[in-house]
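**Q** Below: one structure in structure tokens.
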Amino acid sequence: MKAKKVMVIHVKDDIEKEELMKELQKLELPAFIYVHGKLNSLKINIQGTKDEIREAMQKVRDIHQRVRSRLYPDRRGFYQYNIDDIFREAGTSVSVPILLKTLELLGEKAELRDNRLISSLPWNEIVELTKKLGEALSEVALQTTRQIREVVLPIAVAFELEPEEVLDIALELGVAEYKEDKFKYELIKNKEQALEIMLKKLTGEENED
């Protein structure tokens, strides 16, 4: 038997309302939902069986929680993001270690818990950062191994350099080599050593020894 239910969700501002409506439009549910935006709230009409309505209400609450946690920082000033949401919004994806290392190099908090990223970087900025990483990845994906990308891409984006430039620096410092037979750049040192050597060079620390 079909039933109807009306949910009212209160929002702080237009940004929260827009983000929430955008997420609700992507939602695939057996229940039929109709969303009407009001001044400080969203009125959601849900139609379906009792089970379908219950499932829809739970999903709407989950989405609202996700939207709020990415728009508003907690008491420590950190935001929580669903990793998949970031990649979907950016229209690209990179490996999570690359994203975490880039945030770290930029001096931002970056901690992964399950599929949630806790960071000090606001939503719009983390989406922009992911887009830049995606662009950098597309430039060197074919001629690099996964290991070297985890060094080159964070440095390229954090220091606003072209990925090719960073590969040249890696060769020059002897942390990577170009394998002619594979047409790929590979690390000679491990990732941590390579990063340390390259960061010393880029920040001028090596001259202070």
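The values are calculated or read from the model by the stated rules, or taken from the named source; none is laboratory data. Note that the coordinates shown come from a computational prediction; the quantities given were computed from them, not determined experimentally. Here the Cβ is made from the backbone with ideal geometry for all residues, glycine too, and neighbour counts use every protein chain on show. Only protein heavy atoms, including side chains, enter the accessible area calculation; ligands, DNA and RNA are left aside. Shrake-Rupley method; radii C 1.70, N 1.55, O 1.52, S 1.80 Å.
**Q** Once every DSSP H run of n ≥ 4 in the chain is given -39500 (n - 2.57) and the sum is divided by its residues, what mean residue ellipticity at 222 nm do you get, rounded to the nearest 500 deg cm²/dmol?
**A** -16500 deg cm²/dmol
**Q** Roughly what percent of Cα-Cα pairs across the chain reach past 29 Å?
**A** On the way: 9032 of 21736 pairs.
Beyond 29 Å sits 42 percent of the P(r) for the chain.
**Q** Given R₀ = 22 Å, what would the calculated FRET efficiency be for R68 paired with E128, taking r from the Cβ atoms and rounding to 0.05?
**A** 0.60
**Q** Ranked by accessible surface with a 1.4 Å probe, highest first, in what order do F183, F87 come?
**A** Solvent-accessible surface, decreasing: F183, F87.
**Q** Leaving ligands and nucleic acids out of the surface, order I33, I118 by accessible area at 1.4 Å, largest first.
**A** Listed by decreasing accessible area, they come as I33, I118.
**Q** Tell me which lysines have Cα within less than 23 Å of K38's Cα, excluding those fewer than 8 residues away on the same chain?
**A** Cross-link targets: K4, K5, K12, K17, K22, K26, K59.
**Q** Take T130, T92 and sort them by solvent-accessible surface of the protein heavy atoms, 1.4 Å probe, largest at the top.
**A** Values: T130 0, T92 35 Å².
I get T92, T130, largest accessible area first.
**Q** Here's another thing I want to ask about it. To the nearest Å, what is the center-to-center distance of the stretch 32-55 and the stretch 116-139, using C-alpha atoms only?
**A** 32
**Q** Could you tell me the accessible area of L27 in Å² (1.4 Å probe, neighbours in place), rounded to the nearest ten?
**A** Answer for L27: close to 40 Å² accessible.
**Q** Of the accessible area of the chain, with the probe set at 1.4 angstrom, what percent is carbon plus sulfur? Provide the component values of the computation, followed by the final result.
**A** Numbers: 5720 of 11990 Å².
Using a 1.4 Å probe with all protein chains present, the chain comes out at 48 percent carbon and sulfur.
**Q** So what's the projected area for the stretch 43-148, the Cα convex hull averaged over all directions, in nm²? Let's see the in-between values first.
**A** On the way: hull surface 36.1 nm².
Dividing the Cα hull surface by four gives the mean projection, 9.0 nm².
**Q** Going Cα to Cα from K182, which lysines come in below 25 Å? Please leave out same-chain ones fewer than 8 positions away.
**A** Counting by Cα, and skipping residues close in sequence, K182 has these lysines nearby: K191.
**Q** Tilt of helix 191-203 relative to the longest C-alpha principal axis of the chain, in degrees (0 to 90, nearest 10)?
**A** Roughly 80 degrees, rounded to the nearest 10.
**Q** Another question, if that's okay. Could you give the angle, 0 to 90 degrees to the nearest 10, between helix 146-158's Cα long axis and the longest principal axis of the Cα atoms of the chain?
**A** Result, in degrees: 80.
**Q** For S95, what residues show an amide H to amide H distance below 5 Å, using hydrogens built from the backbone and excluding near sequence neighbours?
**A** Close amide H contacts, sequence-distant or interchain: none at all.
**Q** Would you please give the residues with an amide H less than 5 Å from that of T145, counting only those at least 5 places away or on a separate chain, with H modeled from the backbone geometry?
**A** Y185
**Q** Please list, in order along the stretch 78-84, the HN-Hα scalar couplings obtained from phi with the Karplus expression 6.51 cos²θ - 1.76 cosθ + 1.60 (θ = phi - 60°), rounded to whole Hz, x for Gly and Pro.
**A** For the stretch 78-84, the Karplus curve yields 9, 9, 10, 10, 7, 3, 4 Hz.
**Q** Here is a follow-up. Label L29 and Q147 with points 7 Å out from Cα along Cα→Cβ: what is the distance between them in nm?
**A** It works out to 4.8 nm between the two label points.
**Q** Still on this structure: Using the Cα centre as the reference, give the magnitude of the dipole from point charges on the C-beta atoms of the chain (Lys, Arg: +1; Asp, Glu: -1; all else neutral), rounded to the nearest 20 debye.
**A** I would put it at about 1940 debye.
**Q** Next question, about the same structure. Between Q47 and E104, what's the calculated FRET efficiency when r is the beta-carbon distance and R0 is 41 Å? Round to 0.05.
**A** 0.30
**Q** With no solvent and one equal point scatterer per Cα, compute the Debye intensity ratio I(q)/I(0) for the stretch 3-71 at 0.28 Å⁻¹ and report its log10, rounded to two decimals.
**A** With no solvent term, the Cα-only Debye profile gives -1.34.
**Q** Can you give the accessible area per residue of the chain, in Å², using a 1.4 Å probe?
**A** 57
**Q** Which distance in nm do the two modelled labels at E135 and K12 give, with both placed 7 Å along the Cα-to-Cβ direction?
**A** Those two pseudo-labels are separated by 3.0 nm.
**Q** If exposed trypsin sites (Lys or Arg not before Pro) are those in a DSSP loop with at most 12 other Cβ within 10 Å, what is the longest stretch of the chain that has none?
**A** No qualifying site falls inside 77-181, the longest such stretch.
**Q** A further question follows. Relative to the longest principal axis of the chain, what angle (0 to 90°, nearest 10) does the C-alpha long axis of helix 163-172 take?
**A** Tilt of helix 163-172: around 30 degrees.
**Q** Taking the simple approach of a point 7 Å from Cα along Cα-to-Cβ for both K182 and L112, what is their distance in nm?
**A** 2.1
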